[in-house]
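Below: the structure, in structure tokens.
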Amino acid sequence: MVQRKVLLNPGPATTTDTVKMAQVVPDICPREKEFAAIMREVEEGLLRIVHADPEEYAAVLFCGSGTINMDICLNSLLPENGKALIINNGAYSSRGAEICQYYGLPFINLKLPVDRQPDLDLIEDTLKKNPDIALVYTTHHETGTGLLNPIRQIGALVHRYHGVFVVDTTSTYAMRPIHMTEDEIDFCMASAQKGIMAMTGLSFIIGKKSVIEASAEYPKRSYYCNLFMQYEYARAHGEMHFTPPVQVIYAARQALKEYFEEGELNKWERHRRVYCAIREGLEELGFRIFIPKGQEAELVAAALYPDDPNWNFEKIHDACYERGFTIYPGKVEKAGMFRICALGAIDQEDIKAFFTVFQEALKENHVTVPVVY
Ligand SMILES: *Cc1c(COP(=O)(O)O)cnc(C)c1O
């Protein structure tokens, strides 16, 4: 069997051995009907996770990491004379703004504080003043900090002003329960290595067929990364347009099976339990968490570096890594912090074991506990 590692970084996540082993299959050409049937099964499962009616929504698969979804949605879903509104309150929505920049798309970069939920009045005001906004883009969970955005409320505003609502759900999908219509989402996205606990290399967008079909008339800004083209090809041929990540799709199928066996609410309860253990463990050691209680997605805890001359994240990381636990630096400019995440096939006991190791690492490095600021 494969040695088990506990990944407390924000994805790829710890996977089960059954998911790892699902990749070991006889060689197959992905153009075979047998493989097309597996793709269909995966697409159906992906829709079901977000309660999307297959009549109204499609799951479109791509070969790439999660950022490919952001790129595709932004370059494919903006009509000729429309503008995008990026609700920017973290590293991932900043990436969305950069994608707009790279494509030369007209967009409003609505920069908001990164340590709290956005002011909805400000968003409404922006929508009101800019009737040419055709697409609004938000990150559900800013993975760099752990901030949760109130997508249901934002989505209701977007729809009141007749925009298309695109939500980057990469770090919530298949963890926090999501409901396409109740959450007012037109497009969401994720990558197989995060919530579904499968392998890297498969990403997917779930979105409204009517909007994708309308986008056939929009400017084509990319060849490989066009949503309509991929959707249309899959509909006509039951396959991905270009070579799919074959073995990764077998792993995803197994991961979906395990997702439905665990169940939406049980899985969310488990992630929350893991998160609570992380947050409590950090707070007991005196660490300050960047996002206030009640505004976190309860999946990523970002702790501020203490003001201790002996604190050295690299050294602490290496000591934990040697003992099978991976932790991760933060993602806010000029603010030193590290992250401990509740993704993956892990539970409370793993966090308990982690804190034993973490405390040893702090001690070895002569960091004062409780930590000081
Ligand atoms: C992980 C993640 C992505 C995708 O990152 P990749 O490195 O391209 O897989 C996008 N958005 C969010 C919010 C994420 O957490």
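The values are calculated or read from the model by the stated rules, or taken from the named source; none is laboratory data. Here the structure is a predicted model, which means the values were calculated and not measured. In this analysis, Cβ positions are derived from the backbone assuming ideal geometry, glycine residues included, and neighbour counts consider all displayed protein chains.
Descriptive notes on the structure:
- Conditions (1) free of Cβ contacts under 8 Å to residues at least 24 places away in the same chain; (2) under 30 Å from ALA255 (Cβ atoms); (3) not acidic (Asp, Glu): number failed by CYS320: (1)
- Where helices (runs of 4 or more DSSP H) fall entirely within segment 18-130, those with at least 3 residues that are away from the ligand (no atom under 16 Å from the Cβ) and farther than 28 Å from ALA174 by Cα are at 120-129.
- Taking residues in segment 49-70 that are at positive phi and in contact (Cβ under 8 Å) with a residue 40 or more places away in the chain, and partners anywhere that are assigned to a loop (DSSP other than H, G, I, E, B) and within 11 Å of the ligand (Cβ to nearest atom), the pairs with Cβ atoms closer than 8 Å and at least 6 places apart or on different chains are GLY64/GLY201.
- Condition check for ILE340: out of contact with any Pro (no Cβ under 9 Å at 6 or more places or on another chain), at pLDDT 95 or above, within 23 Å of PRO12 (Cα to Cα) and assigned to a strand (DSSP E or B): yes
- Search result, residues across segment 1-12 that are in a loop (DSSP other than H, G, I, E, B), of a type in the set (A, V, I, L, M, F, W, C) and either at pLDDT 95 or above or touching a Phe, Trp or Tyr at 6+ places or on another chain (Cβ under 8 Å) (or both): LEU8
- Selection count, segment 163-206, where residues are among the aliphatic types (A, V, I, L, M), within 24 Å of ALA301 (Cβ to Cβ) and part of a strand (DSSP E or B): 3
- Checking segment 184-203 against the condition returns no match, with no residue being away from the ligand (no atom under 16 Å from the Cβ) and hydrophobic (A, V, I, L, M, F, W, C).
- The set of residues from segment 343-367 being among the hydrophobic types (A, V, I, L, M, F, W, C), assigned to a helix (DSSP H, G or I), in contact (Cβ under 8 Å) with a residue 40 or more places away in the chain and over 27 Å from ALA252 (Cα atoms) comprises ALA353, PHE354, PHE355, PHE358, ALA361, LEU362.
- Among the residues making up segment 147-162, those that are more than 11 Å from the ligand (Cβ to nearest atom) and either outside any loop (DSSP other than H, G, I, E, B) or buried (at least 24 other Cβ atoms within 10 Å of the Cβ) (or both) are LEU148, ILE151, ARG152, GLN153, ILE154, GLY155, ALA156, LEU157, VAL158, HIS159, ARG160.
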